[in-house]
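**Q** Right, I'll just put the structure down here and ask away after.
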Amino acid sequence: MKKYKKNKTSSVQGGEIFGEFTSSFDTDIRMYKEDISVSIAYSKMLQKINLISSTESKSIIDGLTEILNEIQSGDFSWNSSLEDIHLNIEKALYEKIGDTAGKLHFGRSRNDQVATDVKLYFKNRLYEVRQELLLFLEEIVSLAEKNISIIMPGYTHLQKGQPVLLSQYLMSFFTMLSRDLDRLDECINNLDIMPLGSGAFAGVTIPIDREFLAKELGFGKISTNSIDSVSSRDHILDVHYVCSSAILNLSRICEEFIIWSTDEFDFINLPEQFTTGSSIMPQKRNPDYLELIRGKTGGVLGNFMGLMTTLKALPFTYNRDLQEDRSGAMSSLDTIFDSLKVLRTMFSEVSFNKEIMFESSINSDILATDFADYLAYKKVPFREAYGIIKRVSQKLTKEKKSINELSFDEFRDISDLFEEDVMQIDLKYSVEKRNSLGGTSTNSVQNQIKNAKLFIKAKSNA
Ligand code: ARG
């Protein structure tokens, strides 16, 4: 596509207001394909209901196809002083086929045209993001599968709590993001309602065949109220919600990896290409890519707030404010798309420090719950067992010793309910014992992995 030179400063200069201020051209240029397919479908429909002849329809469609090819090869000259791409394409069509071009707008308004273009654009773009999300989900599952034997400390309040499999952690990322995929699919569903045929806002006088149009354009449903069709933009709020939820979730994954990559944790080795050095501190490798995804969250949430504010108390029906409906969501989807790509590549190259993760778990009182559970199995009320282990743990902390270093005799000193089998409680025991549905045992995580693969397969074929 031809590079359109942007005014580097602003569209309003020296007190004089230029047409560019009112133009949606910069944004709409991304929807040229959708705009042309809407016009081609509309031309076919006008012919079908005998409002234009087959020769006229052919000439319109040939003209539009030529324009499409010119845009794609970069030969089309855009006139940015025209309000939008619809007018650019309409003018070019006039230049190619003359007055017949004017017949295309019978019964159509830019209000229902732009609403249709935008829905088609977001549907198409969401499919691209969906594909990227599926690939990332696949990568998470394969990382979980590859590292199934790694044990690490699990945290609450960023304090070590109980040991878990690293894969249980990774599968929590999968589970969280699988809901974003569901949200995305729901969003595509909400975009799948065609506004075309609503005219300016009151419907049209021509015997329009909306079923035909919907079929041509691949819409599953047809809008049922012309005023709502050209006035509402909540389907774009849905796009923002999908993006906001996704970026929030991604930012949490990034934060986790940032913490794990610090010297203090040293659980993870980020691929070199995703870190950068410091200009003054030679020893540093900074996790910039992860930080940037975390940082971009602000922009994505801001875009959501932006459109909500634009829509608040907006009078019916179409108002020019609505031209501001798409740029934020386009940019947020770009951010999600790029972030998913970055993370997928990073996940395919990341490695974990198995020993350090294990050591970090063992050098702590992380098994305290398991010892309390042990006493509870021996019929001590859990609250009482909890109290006993807590006191032991506090005493040991003072002595700079951890609970799993205790000998059998020392356990017996605490309570004579402890028997030889207490000595089998270790990290592996603790993890495998949590074999509840959704728990961290190897069996449970393998089950999650199996179901995740089925989920990905079903979604890929949907
Ligand atoms: N550029 C406008 C938009 O993007 C197209 C619709 C204009 N309609 C109008 N009545 N001025 O929303």
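**Q** Average projected area of the Cα convex hull of the chain, in nm²?
**A** The directionally averaged projection comes out at 30.4 nm².
**Q** Using a 7 Å offset from Cα along Cα-Cβ at Phe382, what residues in segment 436-450 end up with backbone N under 17 Å from the label point?
**A** 436-440
**Q** For segment 198-297, what does the equivalent ellipsoid look like in terms of its semi-axes, each the square root of 5 times an eigenvalue of the Cα gyration tensor, given largest first in whole Å?
**A** 52, 13, 12
**Q** Could you tell me whether segment 225-346 comes out rounded, prolate or oblate from its Cα gyration tensor? Rule is a ≥ b ≥ c as square roots of the eigenvalues, rounded for a/c under 1.5, then prolate if a/b exceeds b/c, otherwise oblate.
**A** Here segment 225-346 falls in the prolate category.
**Q** Under 15 Å Cα-Cα from Lys296, which aspartates and glutamates qualify once same-chain neighbours fewer than 8 residues away are excluded?
**A** Glu255, Asp288, Asp334, Asp338
**Q** In debye, nearest 20: dipole of segment 324-462 around its Cα centre with unit charges on the Cβ of K, R (+) and D, E (-)? Write out the running numbers ahead of the final one.
**A** On the way: 21 positive and 22 negative charges, 110 e Å.
So the dipole magnitude of segment 324-462 works out to roughly 520 debye.
**Q** From the convex hull of the Cα coordinates of segment 58-170, what is the mean projected area in square nanometres?
**A** 13.1
**Q** Right, something else. How would Phe212, Phe136, Phe274 line up from fewest to most surrounding beta-carbon atoms within 10 angstrom?
**A** Going from least to most buried by this count: Phe212, Phe274, Phe136.
**Q** Quick one: net charge around Val164, please, counting Lys, Arg +1 and Asp, Glu -1 for every other residue with C-beta under 15 Å from its C-beta.
**A** Result for the local shell: +1.
**Q** Right, something else. Looking at the chain, what % of its DSSP beta bridges pair antiparallel, to the nearest 5?
**A** Counting DSSP beta bridges with both partners in the chain, the antiparallel share is about 85 percent.
**Q** Can you give the local net charge around Met308? Use residues other than it whose beta-carbon is closer than 14 angstrom to its beta-carbon, Lys and Arg +1, Asp and Glu -1.
**A** On the way: positive: Arg233, Lys312; negative: Asp234, Asp238, Asp321, Glu324, Asp325.
So the surrounding residues net to -3.
**Q** Expressed in nm to one decimal, what extension gain is obtained for the pair Thr345 and Asn269 from 0.36 nm per residue of sequence separation less their Cα-Cα distance? Mind showing how you got there, number by number?
**A** Numbers: separation 76, 0.36 × 76 = 27.36 nm, distance 1.37 nm.
Full-extension gain reported as 26.0 nm.
**Q** Which peptide among 106-113, 341-348 comes first, and what is the full order, when sorted by highest mean count of other Cβ atoms within 10 Å?
**A** 106-113, 341-348
**Q** Place +1 on the Cβ of every Lys and Arg and -1 on the Cβ of every Asp and Glu in the chain, take the dipole about the Cα centre, and give the residue among Ile222, Gln168, Phe411 whose Cα lies farthest towards its positive end.
**A** Positive-end residue among those listed: Ile222.
**Q** Ratio of alpha-carbon Rg to the 2.2 N^0.38 Å globular estimate for segment 105-206, to two decimals, please.
**A** 1.76
**Q** Could you run the Karplus curve 6.51 cos²θ - 1.76 cosθ + 1.60 with θ = phi - 60° over segment 411-418 and give me ³J(HN,Hα) per residue in whole Hz, x for Gly and Pro?
**A** Calculated HN-Hα couplings, in order: 4, 4, 4, 6, 7, 7, 6, 5 Hz.
**Q** Another question, if that's okay. Kindly identify segment 283-371 as rounded, prolate or oblate by the Cα gyration tensor criterion: order the square roots of the eigenvalues as a ≥ b ≥ c, call it rounded if a/c is under 1.5, otherwise compare a/b with b/c, prolate if a/b is larger, else oblate.
**A** Numbers: a/c = 4.18, a/b = 2.39, b/c = 1.75.
It is prolate, given that a/c is not under 1.5 and a/b is the larger ratio.
**Q** So what's the net charge close to Ser54: Lys and Arg +1, Asp and Glu -1, counting the other residues with Cβ under 11 Å from its Cβ?
**A** Here the count lands on +2.
**Q** Which whole-number percentage describes the relative contact order of the chain, with Cα contacts under 8 Å and a sequence gap of 6 or more?
**A** Reported as a whole number, the value is 16 percent.
**Q** Which whole DSSP H helices in the chain pass both tests: a Cα extent of 30 Å or more along the axis and a mean Kyte-Doolittle value no lower than -0.5?
**A** 110-146, 166-191, 234-260, 288-311, 327-349
Throughout, read-outs are computed from the coordinates displayed, never taken from laboratory work. These figures come from a predicted structure and were not determined experimentally. Don't worry about glycine lacking a Cβ; one is built from the backbone with ideal geometry, like all the others, and counts go over all protein chains shown.
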